[in-house]
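The values are calculated or read from the model by the stated rules, or taken from the named source; none is laboratory data. All values derive from a computational prediction rather than experimental measurement. Virtual Cβ from ideal backbone geometry, glycine too; neighbours counted across all protein chains shown. Keep in mind that these areas ignore ligands, DNA and RNA; they rest on the heavy atoms of the full protein, side chains included. Shrake-Rupley method; radii C 1.70, N 1.55, O 1.52, S 1.80 Å.
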Amino acid sequence: MVRKKQPQLPKVPKHGSWLNPTLPRPVAYAFESLAIMVVSALIGVMAVHAYKVATTGSTTLGGIVGLTDPTVLKKQSEKSTTPSGVTSQTNSQATTGAAPSGGDNNATTSTGGSSSGDVPDGPTVQSSVYGWLKNAGNTGLTSVGISCSNLPIYSGAAKLAAGTSLSRVRFTSPVDFSNGNITIDRACFQPTSAGQGVAIASAVNPPATVTITNTDFDGSRLDQKTAAFSTCFQGVANILNVYCHHFGSGFNFTGTGSQLDASVSNSYVTDLVAWGNASNGGNRSIAMGVYDYTTASAPSRRFIMNNNRFDCSSANAAGALVVQTANGDIANMTIFANLLEGGGYSTGLSQVNSHAYAALVFTNNRLTNNGLGYGYVQGGPNWDTWSNNFQNDPSKTDNKGATVPRP
């Protein structure tokens, strides 16, 4: 019988390995282990980063809200997202507070906590659009595919309870959000009556945040005088993607308290209404006004105003943006990527009534003026930062016309 020859196993070299045959074996194996650990760690980091981008759309540029990588914005726009702090909304009526009546059965309401039932899509945060690109078609209800006329009329209390969250309703008279912790989304404020000088929505000194998103303020159903002396909003809030038109003035930030952050972003104020002679009993139109915002007890508090279009084309125009210490100190405010246009002054900064302003930043804005000028400063140290502000010129790249110097 012929015995088969057993195959010989390869000899293990006395030195080295696949990493380096010339090294002593213990040293080579140590290098091998280190290399494997490094490669594994790199693969892990890459996997975590890919998951984060795919699921959360991580990240802001420069740490400023609204300056986001365009590729991430595209991913975010493909998903329905609910901002932090927004209460889940359901088709069941709230047990307390306000309830809508009639019309669109898509109206939703809740008061505090989480709710049971069918949950519709949450508030959609619109991708940032520079203020000089804002219009009626990409702002407010139209931008989320909703018509004001199709929304059911709100029939609850004029002063909403803390913890209320309302969506897809139409307000036909003024409402008060001063209890705080209130969220309004995809709503229409279309008053048919209002007292003279009344804000259609107010949140004066609330103890907790008020948020208004994807919403219209429409004053077209008021008579001319009532509309002229009315304001869309007064108080302090986070306002995002809101279209305000046919009132005497737009957003009036006064009674802002001492603790809450504030913002006005991706919004459009236009078609402001005049009545009478501004110097003899008539109204004065201001698209965006700030009259107090103290940081004395909350130094990290801040007010961001970005990607808005403030149009003060009114016969009684005072200005597109007025910052005046009429009711208190003003500080920590950053204003960028807005279009300020219309009559009066594009910007006005005043230190009055023994109050002061500080740490105010005005950068990368566009200004169009058909009235008194691009800006004025009355008292105080002027803007802390004034940079890269230009006349609005749609024929130029990024609408950058001539530089607007510090007033």
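Table for the structure above
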read-out: Filter result (open to solvent by 10 Å² or more (accessible area, probe 1.4 Å) and not in a strand (DSSP E or B)) within segment 233-248; value: His246
read-out: Within segment 129-181, considering residues that are without any contact (Cβ under 8 Å) to a residue 12 or more places away in the chain and in a loop (DSSP other than H, G, I, E, B), the one least open to solvent (accessible area, probe 1.4 Å); value: Ser147
read-out: Count - residues of segment 319-357 that are under 24 Å from the mean Cα position of the chain (by Cα), more than 30 Å from Asn135 (Cα to Cα) and of a type in the set (A, V, I, L, M, F, W, C); value: 0
read-out: Any hit, segment 216-231, residues being aliphatic (A, V, I, L, M), buried (at least 21 other Cβ atoms within 10 Å of the Cβ) and part of a loop (DSSP other than H, G, I, E, B); value: yes
read-out: Residues of segment 364-396 that turn out to be part of a strand (DSSP E or B) and over 19 Å from Val129 (Cβ atoms), as a count; value: 10
read-out: Every residue from segment 148-182 that is over 19 Å from Gln234 (Cα atoms), of a type in the set (S, T, N, Q) and touching a Pro at 6+ places or on another chain (Cβ under 9 Å); value: Ser155, Ser167
